[in-house]
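To keep things clear, I will list the structure first and then write my remarks on it.
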Amino acid sequence: MLSNSWTTSRTPQPARSARRTCANGSRTIRLPDHTVRIRTARPGDASAVQGIYDYHVAHGTGTFDAEGPDEAEWAAKIGSVCARGWPFLIAARSEAVAGYGYAAQFRDRAAYARTCENSIYVAHEQRGKGIGRLLLDALIHAARESGFEQMIAIIGGGEPASVALHTSAGFVHAGRLRNVGWKFGRSLDTVYMQRDLANGGSCL
């Protein structure tokens, strides 16, 4: 079961019961052409996660980064997210990492303790196979079990595929910041989307 929850000494307690570490469970979903296993990330996944993210840094506008974190930084990120009891998930096909996603508190201030921001990236050779939706569905479930009540998606460049993915999972448009980024020689917007986790539906 992908169930994670968390507590900290400086933030209000979420309504649900809490544990301090990521769950060790996993679940397997069979796609038409292969089996995908969704599991909790491990520090040993850092190199694969780095490779996936670096491709998107170099070729996409979903992230405004010009250079991604190195392997050690990713290992630390996995560890820190899991140490807070927040979900960091891996989609694996034949044991190879096909994508990853995690949810972390939206802002550091205590008032945001029940609101998370998601991040999902799929290996470029695995795109278009439904892995992003599997990861997002699992992440929504795990974030809810962690005690989060709202999930925010911040979509660099307003990428249509990412907007469509989040819309299909019940997210609604929450705002657009225009011309706030510059990448590949052009100005880019940032789109905000939101999903209500507490009531199991989208925000109106």
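Only one residue in 169, 174 is farther than 23 Å from residue 57 by Cα, in contact with a Leu (Cβ under 9 Å, 6 or more places away or on another chain) and of a type outside the set (Ser, Thr, Tyr). Which one? Before the answer, list the steps.
Details: 174 fails: in contact with a Leu (Cβ under 9 Å, 6 or more places away or on another chain).
Answer to the check: 169.
If you go through region 114-136 and keep only what is more than 16 Å from residue 54 (Cβ to Cβ), surrounded by fewer than 22 Cβ atoms within 10 Å (Cβ to Cβ) and not polar (S, T, N, Q), you end up with 114, 117, 128, 129, 130, 133.
Just to be sure before I move on: is residue 58 among the aliphatic types (A, V, I, L, M), out of contact with any Gly (no Cβ under 6 Å at 6 or more places or on another chain) and in a strand (DSSP E or B) in the structure I sent?
So residue 58 does not fit the description; no.
Considered as a group, the residues in region 142-180 that are surrounded by fewer than 19 Cβ atoms within 10 Å (Cβ to Cβ) and among the charged types (D, E, K, R) include one that is farthest from residue 87 (Cα to Cα), and that residue is 178. Residue-level check: of (1) over 30 Å from residue 199 (Cα atoms); (2) surrounded by fewer than 19 Cβ atoms within 10 Å (Cβ to Cβ); (3) not acidic (Asp, Glu), residue 110 misses just (1). Can we say residue 139 is touching a residue at least 60 places away in the same chain (Cβ under 8 Å) and either in a strand (DSSP E or B) or crowded, with 17+ Cβ neighbours inside 10 Å (or both)? Spelling it out, it is not the case that residue 139 is touching a residue at least 60 places away in the same chain (Cβ under 8 Å) and either in a strand (DSSP E or B) or crowded, with 17+ Cβ neighbours inside 10 Å (or both). Determine if region 97-116 includes at least one residue that is among the basic types (Lys, Arg), within 24 Å of residue 47 (Cα to Cα) and in a loop (DSSP other than H, G, I, E, B). Within region 97-116 (the criterion being among the basic types (Lys, Arg), within 24 Å of residue 47 (Cα to Cα) and in a loop (DSSP other than H, G, I, E, B)), the answer is no, since none of the residues qualifies.
Residue 195 satisfies every condition listed in (1) farther than 15 Å from residue 101 by Cβ; (2) at pLDDT 95 or above; (3) not in a helix (DSSP H, G or I) except (1).
Cβ separations smaller than 9 Å between residues 6+ apart or across chains give the following pairs from region 108-133 residues that are closer than 24 Å to residue 146 by Cβ to residues that are part of a strand (DSSP E or B) and of a type in the set (Phe, Trp, Tyr): 118/102; 119/100; 119/102; 120/100; 120/102; 121/100; 122/100; 132/121. The single residue among 58, 83 that is surrounded by fewer than 16 Cβ atoms within 10 Å (Cβ to Cβ), at negative phi and touching a residue at least 40 places away in the same chain (Cβ under 8 Å) turns out to be 83. The set of residues in region 13-59 that are of a type in the set (Asp, Glu) and modelled with pLDDT of 95 or more comprises 45, 54.
The values are calculated or read from the model by the stated rules, or taken from the named source; none is laboratory data. Because the structure is a prediction, the values reported are computed rather than measured. Cβ sites come from the backbone with ideal geometry, for glycine too, and all protein chains shown count toward neighbours.
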